[in-house]
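See below for the structure under consideration.
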């Protein structure tokens, strides 16, 4: 059976069970001691400890729940009537829906909007523009390689690539990054933004062309492609990521991939992805992603904690401790060469920066996207048009009243 991305219904039931069993966030004001600000976020394990180190320095009592299934857990907690005070999601697709339901609180006065340009402050028609703020940024249009094995100067064959589709939250998203980057580099940022926001059909030529390029790469070795379905994108537990496990030389992963490489991370280098992708098109833009915070709670403590978390001091401390990157233009990056190179691309607007497309799509469309990725890996020889038509059917079911995001891509400067 072909693996499928977990459905919202399955993960909702799981999250409800976990919450009922006492694994969810504590209700505000419950238990002894001072009221704690409840925070839901995407960071677990080592990244969770690093984030909590920053929270510990803010001087406000809190409870943090880290999970790879932030979207599903948040949905469960909202429907149970016990949302966290602060939710941090890898994208704004769901946040737009919560904003349309008037569940989010204004962030006005908690940060300086002038320190965030496009695409870090995407908007939505008919929705206030102060309901979310990005806390962490990543660069995605890059390819990692080992320093002692420089990459070729032209598109690489499938045997060169480290590919894993597995994830604790939604399998298939690493493949969506391939498709997104291919659409951006072959069709350009204008068509990319139209596709990401639902104005360009999944069956239109720019999308079909990019999908065919990726399917053609996978078809070079269907057995190797199938193994990607069984591989975790972070590599084996306790290892050094996919890149240092042998048998492959290149990894199309975001800047966060360095955290998978452990004590070998200083032996990893990166290059821009465009020339190595199928087709070898010149770079037309850079795909980026961000983790966005939104306020569900009304307490003054929650407002104050988010204000301190977005401050320059907290953002720079987080960068020093965890090597993460801030979308805040006033925050200075560490001096390490690789960090400077990544930060330079995140702030260089000579090429447009475009938010991860699946992160700005409605949840149902995003899930159909991931499923189509998994089906393509399992059957790369199958026609892509029919598969994309199925995703388009899901997109067509989206309500006309659901606000669509704007400002997904920056403009060249």
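No value in this document is a laboratory result; all are computed from the given coordinates. The structure presented is a predicted model; accordingly, all values stated were derived computationally and were not measured. We place every Cβ from the backbone using ideal geometry, glycine too, and count neighbours over all the protein chains shown.
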Where the Cα atoms of region 324-372 are projected onto their three principal axes, how long is each span, largest first, in whole Å?
-> 41, 21, 18
So, by mean Cβ neighbours within 10 angstrom, what's the order for 44-55, 354-365, 118-129 with the highest one leading?
-> 354-365, 118-129, 44-55
So the FRET efficiency between residue 208 and residue 350, C-beta based with R0 = 22 Å and rounded to 0.05, is 0.15
With label points set 7 Å from each Cα along the Cα-to-Cβ direction at residue 153 and residue 128, the distance between them in nm comes to 5.5 nm
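Go ahead and estimate [θ] at 222 nm for the chain from helices alone: -39,500 (n - 2.57) per DSSP H run with n ≥ 4, summed, over the residue count, rounded to 500.
After summing the helix terms and dividing by the residues of the chain, the value is -11000 deg cm²/dmol.
Rounded, prolate or oblate: pick one for region 265-387, where a ≥ b ≥ c are the square roots of the eigenvalues of its C-alpha gyration tensor, a/c under 1.5 means rounded, and failing that, prolate if a/b is larger than b/c, else oblate. It would help to have the intermediate numbers written out before the result.
Working: a/c = 2.55, a/b = 1.38, b/c = 1.85.
Note, shape of region 265-387 comes out oblate.
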At 0.36 nm per residue, minus the direct Cα-Cα distance, what do residue 220 and residue 320 gain on full extension? Give it in nm, one decimal, please.
-> 31.8 nm
Percent antiparallel among DSSP beta bridges confined to the chain, rounded to 5, stands at 65 percent
Taking the Cα atoms only, what angle lies between the long axis of helix 8-20 and the longest principal axis of the chain, rounded to 10 degrees?
-> 30 degrees
Express in whole angstrom the spacing between the alpha-carbon centres of region 59-120 and region 211-242.
-> 32 Å
Highest mean first, what order results for 217-226, 280-289, 66-75, 88-97 on Cβ atoms within 10 Å?
-> 88-97, 66-75, 280-289, 217-226
Given that compact globular proteins tend to follow 2.2 N^0.38 Å, what is the ratio of the alpha-carbon Rg of the chain to that value?
-> 0.94
To the nearest whole percent, what portion of all C-alpha pairs in region 87-154 is separated by more than 21 angstrom?
-> 40 percent
